1. Test of the criteria: in the stretch 208-251, which trypsin sites (Lys or Arg not before Pro) are in a DSSP loop and have at most 11 other Cβ atoms within 10 angstrom of their Cβ?
2. Residue-wise, which Karplus ³J(HN,Hα) couplings in Hz belong to the stretch 14-23, taking 6.51 cos²θ - 1.76 cosθ + 1.60, θ = phi - 60°, and x for glycine or proline?
3. Name the residues whose placed amide hydrogens come within less than 5 Å of the amide hydrogen of A119, ignoring near sequence neighbours (fewer than 5 apart) on the same chain.
4. What's the exposure ranking of W19, W135, going from fewest to most Cβ atoms within 10 Å?
5. Long-range amide H contacts for T89: which residues qualify at under 5 Å (H placed 1.01 Å from N, peptide plane, sequence gap of 5 or more or a different chain)?
6. Per 0.36 nm of contour for each residue apart, how much would the distance between N146 and A267 grow if the chain were fully extended, relative to their Cα-Cα spacing?
7. Per residue of the stretch 258-274, what does 6.51 cos²θ - 1.76 cosθ + 1.60 with θ = phi - 60° give for ³J(HN,Hα)? Whole Hz please, x for Gly and Pro, Karplus curve as stated.
8. What full-extension length gain, to one decimal in nm, is calculated for N99 and M199 as 0.36 nm per residue of separation minus the Cα-Cα distance?
Amino acid sequence: MKMTGTLLAFRDDLLSEIWGLAGACAGVIPEFDLLVFGNHEYFRQDEVAVPECIKSVLVFENPELEEQWDLSPHAEIAAAYLRESKSQTVFAVSGETANRVLPILSSILDGSCLIDLKAIERLPSGELCAAKGIWDMNLTARYTFNKNPIFATLQAGDRFAATNTLKPIRHNSEMINIHAYQSYEYKQSDNEGLADAPMLIVAGRGMGSRETFINAQKLAQELKAAFGATRPPVQDAIVPYPLLVGVSGTICAPDKCLILGASGAAAFAAGVEKSNTIIGVNTDPFAEIFSFCDYGLIADCREVTDAMLNYIEGHRNEF
Ligand SMILES: Cc1cc2nc3c(=O)[nH]c(=O)nc-3n(C[C@H](O)[C@H](O)[C@H](O)COP(=O)(O)OP(=O)(O)OC[C@H]3O[C@@H](n4cnc5c(N)ncnc54)[C@H](O)[C@@H]3O)c2cc1C
């Protein structure tokens, strides 16, 4: 199987720099998906010419994102994509945006990150090695990355690909509609009403995967409850940041609060302790949540969610 890496491009990157980056990285990874963030004029055409090593182009365009100084939504979208594509190497052109987004991404995906590299090379052992200018660029230091996925920004502007080496490629609109993109489009109004909702459902890490989180969200919709999450699913970009409940997110005071698959850590508990009635669901009978909830259920929260959804479906005319 051919190893595929990912190139990230941002609105402020020049086309020549993006092609330069592809040229600089093609020696170490044979194929790349190119993810373009923002309204980049060139990539708005249906068909664009790209260097040989680029096998697909995905454009993430969201005017709300582009106005924001906070770049973490870009990182959340990229993280969701990278998790699906399982790409282990992510490169971008050195610049203000990329040098901020890639370290955030590397912390979300628990990888390693180096910025402002002169070059990226492959050692005879197969390991990737980064060359970086140090001591006012008088010396070149070589670093290896200690864990995957690896993220790097490169000063690659001087390797412009000649236009006659570019191949035409069509945007793959099916790819653009992938689940990750649709689900993780960031909206600032997402947490509207979380603090004042009369009923709240909070999902924690125990809820599992993106698909099962969607079920918890569905349940909240059915019960006309607000939906929130603990920090791990937010860090994993399963749930957007505005839905975080706790000291670093929203402090809620609902009448009824159903907590699915959360341990009940203090930083989270502070966000729900003002609730009138708390119902906790956890498989671990010793979980902290059971020390402060009013009703506790030792059960698999995914089964509980499914059972509640099925019950609602079977009694729809009563709701
Ligand atoms: C400065 C600081 C600020 C923080 N701010 C916040 C904050 O605002 N909000 C926040 O949430 N966290 C915050 N945290 C993190 C917090 O300390 C906890 O790490 C976090 O709340 C844990 O989230 P969790 O309960 O989802 O995950 P975990 O602690 O991993 O718990 C998952 C739970 O799910 C249970 N489980 C697993 N599978 C199932 C299943 N199938 N069914 C039912 N139960 C299951 C497990 O038994 C476990 O108890 C902060 C931490 C720090 C240091």
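1. Filter output for the stretch 208-251: K224.
2. 6, 4, 4, 6, 5, 5, x, 4, 4, x
3. The list, which skips near neighbours in sequence, is A131.
4. W135, W19
5. Long-range HN contacts for T89: T6, I150.
6. My answer for the length gained is 40.5 nm.
7. 9, 10, 10, x, 10, 6, x, 4, 4, 5, 7, 3, 4, x, 10, 5, 7
8. 31.9 nm
Values in this text are rule-based calculations from the coordinates and carry no lab data. For clarity, every value in this text was computed on a predicted model and none was experimentally measured. Don't worry about glycine lacking a Cβ; one is built from the backbone with ideal geometry, like all the others, and counts go over all protein chains shown.
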